[in-house]
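Undergrad: Quick one: the structure is below, questions incoming.
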Amino acid sequence: MSFFGFGSGADIDIILDGADSRKQAEIKTEEGRKEKHSLYYDGESVSGKVNVTMKKPGTKLEHQGVKIEFIGQIELYYDRGNHHEFSSIVKELARPGELMQNATYSFEFVQVEKPYESYTGANVKLRYFLRVTLVKRISDLVKERDIIVHTLSTYPEMNNSIKMEVGIEESLHIEFEYNKSKYHLKDVIVGKIYFLLVRIKIKHMELAIIKRETTGSGPNTFNDNETIAKYEIMDGAPVRGESIPIRLFLSGYDLTPTMRDINKKFSVKYYLNLVLVDEEERRYFKQQEIVLWRKGEKVRRQIQQPASVPSTISNVASPEETSPTANDVEK
């Protein structure tokens with residue numbers, strides 16, 4: 001291809017400002033692997049440089065212009081031919097001309113809106129990326145670089161506990177209570193289960209966190225349930241009046257915030273699933289939806305005392321970083 005003049009002729013690299021010091025975050029690929037990319041939040045500017053490196057110094061590369069795009073995109077796996085862009089900003093880096101040597105172009109997308117959280121699921125992917133295109137007559141040169149976006153939410157003001165009853169007439173009657181209905185991703189679920197009537201032989205009881213991903217609409221609606229966590233909270237037959245404590249730490253699991261009707265394309269909801277299994281392997285369960293949200297991290301800063309006071313340095317926790325977005329949980 002290069003012999004006939006159709007080769008790429010140059011390499012393109014996208015360098016983000018502060019990439020070495022910026023926090024990295026992980027996200028799953030469609031194949032289930034984990035990738036790390038630079039982490040951004042809604043309203044943050046995205047800036048950097050684009051380097052175009054000539055493969056053969058001294059050669060000439062004609063182009064019809066160089067542009068960079070900031071793109072937010074949703075891809076439904078059952079409709080891969082259509083990419084739904086909810087955010088698209090284009091900036092021109094160079095007008096049509098010729099490249100005789102390596103070139104560097106600066107770019108900045110100021111306070112760019114990023115309303116949704118990056119997500120890779122069973123049937124859908126939401127990604128943000130930068131795309132540089134060097135336009136040529138026959139075959140464009142294209143380079144993409146992904147970033148990860150997290151949406152932060154404020155602490156829910158109303159956070160009622162969950163209290164429910166479940167039972168089988170004249171055979172089983174239990175009450176269960178969870179301390180809250182909304183939890184941040186590093187939170188702890190605390191609860192209790194009360195046995196008011198037990199006339200069946202229960203072998204064990206388990207609690208699971210279920211993630212339900214819903215994509216599409218109408219006849220093209222797809223639901224995928226994934227068990228994120230499951231652990232046994234009781235082994236053996238309970239007696240009437242017994243109380244079983246629940247304490248489940250969320251920080252050890254791969255969770256995302258609850259997502260409701262994202263760009264009218266998909267939703268992600270979480271449920272606590274309480275399951276009782278009797279000695280005949282019959283299963284009795286009760287499911288309750290919970291809301292998950294991402295809490296801003298505390299940022300520590302150093303404050304220097306005035307010169308008139310003996311010099312000391314103290315670490316003071318600043319207010320929690322919160323940036324409510326369109327994906328904010330219910331308050």
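Undergrad: Please determine, by comparing only the residues of the stretch 210-246 that are among the basic types (Lys, Arg) and more than 30 Å from residue 197 (Cα to Cα), which one is surrounded by the fewest Cβ atoms within 10 Å (Cβ to Cβ).
TA: Out of the qualifying residues, it is 212.
Undergrad: Considering only the stretch 266-289, state which residues are crowded, with 19+ Cβ neighbours inside 10 Å and under 23 Å from residue 122 (Cβ atoms).
TA: Scanning the stretch 266-289 gives 266, 268, 270, 272.
Undergrad: Does the stretch 27-63 hold any residues that are assigned to a strand (DSSP E or B) and within 20 Å of residue 74 (Cβ to Cβ), and which are they?
TA: Correct list: 27, 28, 35, 37, 39, 40, 41, 46.
Undergrad: Output the qualifying pairs, or none if there are none: Cβ atoms under 7 angstrom, residues six or more apart or on different chains, first residue in the stretch 60-75 and on the phi > 0 side of the Ramachandran plot, second residue in a strand (DSSP E or B).
TA: Filtered contacts from the stretch 60-75: 65/92; 65/94.
Undergrad: Across the stretch 230-272, what is the number of residues that are hydrophobic (A, V, I, L, M, F, W, C) and without any contact (Cβ under 8 Å) to a residue 60 or more places away in the chain?
TA: Final tally of qualifying residues: 5.
Undergrad: Of these, 136, 125, which one is of a type outside the set (Val, Ile, Thr) and under 26 Å from residue 216 (Cα atoms)?
TA: None of the others qualify; the one that does is 125.
Undergrad: Moving on. Residues in the stretch 183-198 that are under 16 Å from residue 251 (Cα atoms), more than 17 Å from the chain's Cα centre (by Cα) and touching a residue at least 60 places away in the same chain (Cβ under 8 Å): how many?
TA: 2
Undergrad: Here are some residues: 32, 72. Which one is among the small types (Gly, Ala, Ser), within 17 Å of the chain's Cα centre (by Cα) and buried (at least 18 other Cβ atoms within 10 Å of the Cβ)?
TA: 72
Undergrad: Kindly establish whether residue 88 is part of a strand (DSSP E or B), under 21 Å from the mean Cα position of the chain (by Cα) and surrounded by fewer than 17 Cβ atoms within 10 Å (Cβ to Cβ).
TA: Yes; evaluated as a whole, the condition is true for this residue.
Undergrad: Hey, among the residues in the stretch 153-180 that are surrounded by fewer than 17 Cβ atoms within 10 Å (Cβ to Cβ) and of a type in the set (Ser, Thr, Tyr), which one's modelled with the lowest pLDDT?
TA: Of everything passing the filter in the stretch 153-180, 155 is modelled with the lowest pLDDT.
Undergrad: Taking the condition of being over 18 Å from residue 129 (Cβ atoms) and modelled with pLDDT of 90 or more, how many residues in the stretch 73-98 meet it?
TA: Residues flagged as over 18 Å from residue 129 (Cβ atoms) and modelled with pLDDT of 90 or more within the stretch 73-98 amount to 6.
Undergrad: I would also like to ask the following. Report those strands (runs of 3 or more DSSP E) wholly inside the stretch 199-303 carrying at least 3 residues which are over 22 Å from residue 187 (Cα atoms), in the same structural domain as residue 184 (by TED's automatic domain parsing) and at pLDDT below 80.
TA: none
Undergrad: Also: For the structure I just gave you, tell me whether residue 133 is crowded, with 16+ Cβ neighbours inside 10 Å, in contact (Cβ under 8 Å) with a residue 24 or more places away in the chain and within 26 Å of the chain's Cα centre (by Cα).
TA: So residue 133 does not fit the description; no.
Undergrad: Considering only residues that are under 16 Å from residue 108 (Cα atoms) and in a loop (DSSP other than H, G, I, E, B), look in the stretch 3-21 and name the one that is modelled with the lowest pLDDT.
TA: Taking the candidates together, the pick is 19.
The values are calculated or read from the model by the stated rules, or taken from the named source; none is laboratory data. Small disclaimer: the values here were computed from a predicted structure and weren't measured. Note that we place each Cβ from the backbone using ideal geometry, even for glycine, and neighbour counts take in every protein chain shown.
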